[in-house]
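Readers should treat all values here as calculations from the given coordinates under stated rules, not as data from a laboratory. Treat the numbers as computed from the prediction; the structure is a model and nothing was measured. Neighbour counts run over all protein chains shown; Cβ positions are idealised from the backbone, glycine included.
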Amino acid sequence: MRAAKKRAPGSVLGIRSWRHRVAGHDLRQRVEVSDGDRTVATAEVTTSEGSGGTARVSLRAEPGHITPGRRASLVDAVLDLPEVQESARVEAAFWLGDSESLHQLQERCEDVSTRPAGWSALLDANLPSSHAGRPVPDSAGKEPQPGA
């Protein structure tokens, strides 16, 4: 009999990403979040070449129990992709009951609107503008005051 592997609390998740160009200038990427040797959530991401476009995302979680935080980790991994950060907007589709992904998207995006579509929820949102030109926080995490 084989012993089951146990993950230590707070251990690092496995996040993998693949990318390839599709017809035209779109880039399609697949991001996976694993828990041990089991893939628990995936995302298909399509972005256009250049900045200012729309990132289209399809989020899927495996059936059964998934440790809390894994879906949010997938959202973070997707939104942290350089091609997504260059986009101005995001359109996402995910299971209607996936409140963890919805909450994380609401936390990370602006002007979020959602609507049901069958068993799915569709989200449209603006991505936060680039950090370029913003003041750099000091070591205490505070932004410098004007004139200081």
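Applying 1/(1 + (r/R0)^6) with r as the Cβ-Cβ distance of residue 103 and residue 38 and R0 = 22 angstrom yields a FRET efficiency of 0.40.
From the alpha carbon centroid of segment 93-123 to that of segment 20-70 is 15 Å. In this rough spin-label picture, where each label sits 7 Å from Cα along the Cβ direction, the residue 26-residue 80 distance is 2.6 nm. The slack between residue 119 and residue 89, meaning 0.36 nm per residue of separation minus the straight C-alpha distance, is 8.5 nm.
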